[in-house]
Each structure stands twice: as C-alpha cells, then as structure tokens.
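> I have a structure here, written as structure tokens, and I will follow up with some questions on it.
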Amino acid sequence: MKLAFSTLGVPGLPIPDVVRLAATHGYHGVELRAHPEEPVHPGLHLPQRADVAAEFKAAGIEILGLAGYARVAAPGDDEPVLQEIRDLLELARDLGAPFIRVFPGGGTDQSPEEADATAARRLGTAAEYAADLGVRILLETHDSHRTGADAMRVLGLVGHRQVGALWDVMHTWLGGEQPTSTFPALSPYLGYVQVKDIASADDTTPLPLGAGVLPLTECVELLSREGWDGWLCWEYEKRWYETAAPLPDLLGPGREHLARLLNESA
C-alpha cells in the first residue's frame with residue numbers, strides 16, 4: 001500500500017511547501033483539498049494547473065486525488081451538481097490525478113430511497129464524462145451515507161466502473177459498522193482509504209495516528225489479508241479544529257505508525 005496525506009491538515013499551505021512535506025516525511029502522494037480557500041481549486045487557469053502538476057512531478061510525489069465538495073444526493077436541480085463534478089473532473093485531468101471525491105449530502109427531508117436515486121442518477125450521468133477524461137469519481141462514506149452499506153446502495157444502482165467508493169474509517173465507525181462489514185461492501189468499488197484518529201464519538205478532534213479509538217490496526221490487517229494494495233490517505237481535519245496540533249510535526253511519526261501496521265500485517 002502507498003501512503004498519502006490530505007491538505008485538509010495544512011490549510012492554505014502553498015503547493016511547494018506541501019510537496020516538500022511529502023518528500024521529507026516519506027509519503028508517496030497527497031490528496032489536495034479542492035476549495036477556493038486553497039491553492040488548488042477549479043478556478044485555476046491552465047498555466048497554473050501545469051505549474052502545480054510540474055511541482056509534484058519534479059519531486060516524484062503523486063497527486064492522489066481532489067477532495068471536492070459536490071453533494072450528489074442533495075435536493076434540488078441536477079445541473080449545478082453535475083457542473084461542479086465536471087469542473088472537478090477537468091481539474092483532475094489537468095493535474096494528472098486519478099480520483100475526485102464527492103459527498104453524498106442527502107437532505108433530512110428526503111427518504112433514503114429518494115436520496116439514493118438522486119445520487120445514482122447524477123453519478124451515472126457524470127460517469128460518462130469521467131470516463132472520457134480518465135478520472136474516477138469516488139463517493140465518500142460520509143454524512144447521509146456514512147457506512148459501507150449506505151454507499152453500496154448508491155453504487156449498486158450506478159453500476160459504472162468510473163464511479164467508486166472512498167472509505168473514511170471514522171465515518172463508518174461512527175455509523176456503527178465494523179471493518180469486517182465495510183470492506184466486503186466497498187471492495188468491488190474501493191478507490192482508496194482515508195485513515196485518521198479521534199478520542200471518542202463525542203470528541204472528533206483529530207489526534208496523531210494510533211493515539212485514539214479508531215480501528216486502524218484492524219483496517220490495515222483486513223486490507224492486507226484481502227490483498228488490497230491501494231492508497232492509505234491520512235485525513236487530519238486541522239481546518240475544522242484550530243486547536244488541533246499542527247500536522248507537519250506529526251507527519252513523520254504518522255508515516256512510521258502506518259508503516260509499522262503494514263509490516264505487522266504482512
């Protein structure tokens with residue numbers, strides 16, 4: 001498995017500094033938060049996109065994916081959501097990133113069936129465009145579709161190879177789902193896995209990997225046992241928790257912790 005971290009943990013950090021952090025601490029790739037607050041977002045012009053891609057390529061660091069904020073199950077018209085996805089897909093193509101992340105984002109006034117159908121319809125439409133660009137859309141286990149079982153309902157309806165799953169281990173755990181249930185549900189669709197750690201269900205302030213309660217050891221053992229060889233991406237949610245310790249100081253120990261889990265599960 002290859003290791004990455006998300007720029008959600010280093011809000012607003014310039015791309016050269018992000019690349020240096022990855023190279024210095026032995027990460028193979030980076031997940032870029034695609035948001036106007038950040039250096040990388042769909043508003044970048046082509047020369048700027050080329051500069052970002054060149055920075056990563058020169059250092060031998062991969063851009064794992066773009067963490068976007070399109071909500072595919074949200075109530076409302078399809079076109080604004082589809083345009084947001086298209087913009088992300090084009091940015092990913094220009095940067096050489098294989099994945100984009102979308103959220104479910106179902107509304108509280110929808111039935112689960114309506115939310116599933118809305119998400120599947122939009123993802124099915126976007127899948128054709130994604131196929132043309134060579135980028136895969138990943139639905140994250142999050143909010144209205146927190147577990148693997150929730151995400152599988154949508155992905156089964158879509159049935160397109162360009163639409164897959166992003167397993168956020170915190171959200172499936174908060175949804176009461178064990179890794180031994182999540183992986184079988186998501187394995188036909190799995191793009192990559194977001195790892196993190198927290199103190200409890202009531203305190204989701206990010207912690208160093210291994211310092212909290214999330215079943216990281218079990219997840220890595222399961223993935224190794226099943227022969228899965230994709231990416232583990234540390235999503236440290238510093239942007240939402242200002243009091244959390246700075247991520248740069250934790251990146252080295254975090255990589256060592258993941259490497260130890262991988263070695264022990266081999």
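> Take Glu218, Glu242 and sort them by solvent-accessible surface of the protein heavy atoms, 1.4 Å probe, largest at the top. Please report the intermediate quantities before stating the final value.
Details: Glu218 70, Glu242 160 Å².
Output order, biggest surface exposure first: Glu242, Glu218.
> Mean residue ellipticity at 222 nm from the helices of the chain, using -39,500 (n - 2.57) per DSSP H segment of n ≥ 4 over the full residue count, to the nearest 500 deg cm²/dmol? Working shown, then result.
Details: 9 runs with 118 residues, N = 266.
Estimated from H runs of four or more residues: -14000 deg cm²/dmol.
> Only Cα pairs under 8 Å and at least 6 apart count here; give the relative contact order of the range 105-234 as a rounded whole percent.
In percent, rounded to a whole number, it is 20.
> Under 13 Å from the Cβ of Pro179, count the other residues' Cβ atoms, weight Lys and Arg +1, Asp and Glu -1, and hand me the total.
-4
> Might you work out the accessible area of Arg86 for me, using a 1.4 Å probe with all protein chains in place, and round it to the nearest 10 Å²?
60 Å²
> In whole angstrom, and with the biggest value first, how far do the Cα coordinates of the chain range along each principal axis?
Dimensions of the chain along the principal axes of its Cα atoms: 45, 44, 36 Å.
> Further, regarding this structure: What is the calculated FRET efficiency for Glu90 to Glu113, with r their C-beta to C-beta distance and R₀ = 22 Å, to the nearest 0.05?
Taking R0 as 22 Å, the efficiency between Glu90 and Glu113 is 0.10.
> How much net charge surrounds Asp168 when only other residues with a Cβ under 10 Å from its Cβ are counted (Lys, Arg +1; Asp, Glu -1)?
Working: positive: Arg101, Arg146, Lys196; negative: Glu140, Glu235.
Every neighbour counted, the sum reads +1.
> Using modelled backbone amide H atoms (1.01 Å from N, in-plane), which distant-in-sequence or interchain residues come within less than 5 Å of Val40's amide H?
Amide H to amide H, under 5 Å and 5 or more residues apart or across chains, Val40 pairs with His35.
> Can you compute the modelled spin-label distance between Glu79 and Tyr241, with each label point 7 Å from Cα toward Cβ, in nm?
Using points 7 Å along Cα→Cβ, the separation is 4.1 nm.
> May I pose another question? Would you mind calculating the relative contact order of the chain from Cα pairs under 8 angstrom and at least 6 residues apart, reporting the percent as a whole number?
About 19 percent, as a whole number.
> Taking amide H positions as placed in the peptide plane 1.01 Å from N, state which residues far from Leu64 in sequence (5 or more) or on other chains have amide H under 5 Å from it.
For Leu64, the qualifying residues are Val30, Glu31, Leu32.
> Can I ask one more? Once you sort the root eigenvalues of the Cα gyration tensor of the range 104-233 as a ≥ b ≥ c, which label holds: rounded (a/c under 1.5), prolate (a/b larger than b/c) or oblate (the other case)?
Oblate, since a/c reaches 1.5 and b/c is not below a/b.
> Order the peptides 248-256, 197-205 from the highest to the lowest mean number of other Cβ atoms within 10 Å of their residues.
Per-residue mean Cβ counts within 10 Å order the peptides as 248-256, 197-205.
> Can I ask one more? Calculated FRET efficiency, Leu157 and Lys2, Cβ-Cβ r, R0 30 Å, to nearest 0.05?
Efficiency for this residue pair is about 0.50.
> Continuing with the same structure: What nm distance separates the two modelled labels at Asp132 and Ala211, each placed 7 Å from Cα along Cα→Cβ?
Rounded to a tenth, the inter-label distance reads 4.7 nm.
> Computing the accessible area with a 1.4 Å probe over protein heavy atoms, can you report the carbon and sulfur percentage for the chain?
Of all accessible area on the chain, carbon and sulfur atoms account for 51 percent.
> Let me ask another. Enter the accessible area per residue of the chain (Å², integer; probe 1.4 Å; all protein chains in place).
41 Å²
> Could you state how much accessible area Tyr27 has, in square angstrom rounded to the nearest 10, with a 1.4 Å probe and all protein chains kept in place?
Around 10 Å² of this residue is reachable by solvent.
The values are calculated or read from the model by the stated rules, or taken from the named source; none is laboratory data. Computed from a prediction, not measured in an experiment: that's the story for all the values here. FYI the Cβ positions are ideal-geometry reconstructions off the backbone, even for glycines, and counts take in every protein chain you see. What goes into the accessible areas is simple: the full protein's heavy atoms, side chains included, and nothing from ligands, DNA or RNA. Shrake-Rupley method; radii C 1.70, N 1.55, O 1.52, S 1.80 Å.
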